[in-house]
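Here the structure is laid out as structure tokens; the discussion comes afterwards.
The values are calculated or read from the model by the stated rules, or taken from the named source; none is laboratory data. Keep in mind that what you see is a predicted model, and the values were worked out from it rather than measured. Cβ placement follows ideal geometry from the backbone for every residue including glycine, while neighbour counts extend to all protein chains displayed. Accessible surface areas use protein heavy atoms only, side chains included; no ligands, DNA or RNA. Shrake-Rupley method; radii C 1.70, N 1.55, O 1.52, S 1.80 Å.
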Amino acid sequence: MSSGDVLMRIDDGGRVIDWSPSAGEVFGWSAEEAVGRSVSVLMHENAAAARRQLEAWKVDEDSTFTTELIVSELVGNAVRYGAPPLRLRLILDGMLTCEVSDAVSSAPHLKHARTIDETGRGLFIVATVADNWGTHYEAQGKTVWAQQLTGAA
């Protein structure tokens, strides 16, 4: 299997500041079209973009569904609790890894939400469906990652 990355970065104002060629292939926008756009437009597209990349990598349907769920939860947490720049990265190299980075260094917390709670289930869902997950810290923020085995062709 070969490695591949899908990369975009978002600034403090919620605008795209960096756009890789792979992101262009996945989202269907050139760097010229994407850079400067609002993240709210692009965040809506993350799960669909992940699906297109996974289809290109010939990842099976069950793994694709799981990855869409992981992407949705991790990106949602980054948007809600993190700070720009945000980065989504998918890597296929033996295992499928989804990484979401943001500029806040505080640790994410795995919660066990009560049935009446409206929030607090995201990392619990990720921990349940991923084979491994965790956080690594950088000088300016953190990356929350999740890995899974796939049925890639």
Task: Probe 1.4 Å - accessible area at S22, Å² to nearest ten - done: 40
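How much net charge surrounds L123 when only the other residues with a Cβ under 10 Å from the Cβ of L123 are counted, with Lys and Arg +1 and Asp and Glu -1?
Working: positive: K111, R121; negative: E73.
Net of charged neighbours comes to +1.
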Task: Pair S38, A56: separation of 7 Å Cα→Cβ label points (nm) - done: 2.7
Open item on the list: Let me check against my output: what whole-number percent is the relative contact order of segment 58-153, with C-alpha pairs under 8 Å and at least 6 apart?
Closed with: 34
